[in-house]
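Each value in this text was obtained by applying a stated rule to the coordinates, not by laboratory testing. The shown structure was predicted, so the numbers you read here are calculated from the model rather than taken from an experiment. Cβ sites come from the backbone with ideal geometry, for glycine too, and all protein chains shown count toward neighbours.
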Amino acid sequence: MLSVILVALAAAVVLAALLFWLVGERGRLRPSTRAFFAQGPFNLNRLHGYIYGRWTPQYARALFSLPSPDTSKTSARLVRWFSDRHHGKVLTTENARAIVRLDEPIRRRDLEQIVPYPTAREIVLEGPPDVVAYECMCRNARETHCEPTQVCLAVGKPMTDFILEHHEGQARRLTQAEALDLLQAERDRGHVHSAWFKDACDNRFYALCNCCPCCCGGMDMVRKGMPMVASSGFVSEIDADLCTVCGECGDTCPFGALTTDGTSVHRDWDRCMGCGVCETACPTGAIRVVRDEGKGTPLDVTALG
């Protein structure tokens, strides 16, 4: 508990120092910074959002350096508090593409069925949305990591302008076709599409990530039993007649939901997040993802519209 208090005090000192710096620099702030702070009242949450967006790699390294939570009630509450405010939603490839292809404004603040968290679950996007590719904070925070690293997509203003101005040389604006190509390339690598929501980013969807199981902090938390990423609303379904029990699906499943015993493939319903990576990997077409109401509601922007 003492370590938690010390971390909180250190964070408060850093926030206070940054606040004084911002006040002193007010007349020289970049346009995207002024736009970011103009979105709402200035408070610690907005300041947190600035830190997160401005120093994303450092933020990730500091987060990953914290000790893993134990099984105490205090740790469980802290994990839940954090998950409520920063969480992801697994997407099928088609639902990820639909976000990039959006051609009409989406403004929805009633996403209780889609993202089962009490905070950070709004979608405010203009269509077609502005899309910027930038460095994955999870991959860059690891000593050894997957390539390429510029695979996270900031979606919608003012976040896209903010990323471009503050991560010069490490971010680029994408056309719709380029964004779709990036999604396909990441799916071909066996990576998981996910939509991310954060309270420090105006309580709404702000990024479309392409997560690898070895680097992604959110996926790591899921495997440890911490509820940071919600299911896509789908699960894998195996056709025993087509399955050759080659084991490819078990090797590629990012969540460890598929195993083989030499004669058949077994799916762990609780572990399956409906990402569809196994469907892509299966050489005989024996696997497909299907809707499962027990897994929640898909994030389908075409239905939201």
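Taking Lys and Arg as +1 and Asp and Glu as -1, the other residues whose beta-carbon sits under 14 Å from that of residue 187 total -3. If you take all other residues with their beta carbon under 13 Å from the beta carbon of residue 132, and give Lys and Arg +1 and Asp and Glu -1, the sum is -3.
Where the alpha-carbon atoms of region 234-295 are placed on the principal axes, they occupy 29, 18, 17 Å, in descending order. Size descriptors for the chain (Cα atoms only): Rg and Dmax, in that order, 19.8, 69 Å. Partners of residue 295 within straight-line reach, counting lysines whose Cα lies under 30 Å from its Cα and excluding those fewer than 8 residues away in the same chain: 73, 89, 198, 224. Scaled against 2.2 N^0.38 Å for its residue count N, the alpha carbon radius of gyration of region 67-214 is 1.06.
Of the GluC sites (Glu not before Pro) found in region 91-144, the ones in coil according to DSSP and having at most 11 other Cβ atoms within 10 Å of their Cβ are 112, 143.
For region 115-180, the Cα-based Rg and Dmax, in that order, read 13.4, 38 Å. Projected onto its three principal axes, the C-alpha set of region 190-305 covers 50, 31, 22 Å, listed from the longest axis down. The residues neighbouring residue 197, those whose beta-carbon lies less than 11 Å from its own, together hold a net charge of +1 under the Lys/Arg +1, Asp/Glu -1 convention.
On full extension of the chain, what length is gained from residue 270 through residue 78, given 0.36 nm per residue of separation minus the C-alpha to C-alpha distance?
Details: separation 192, 0.36 × 192 = 69.12 nm, distance 2.29 nm.
The span from residue 270 to residue 78 would gain 66.8 nm if fully extended.
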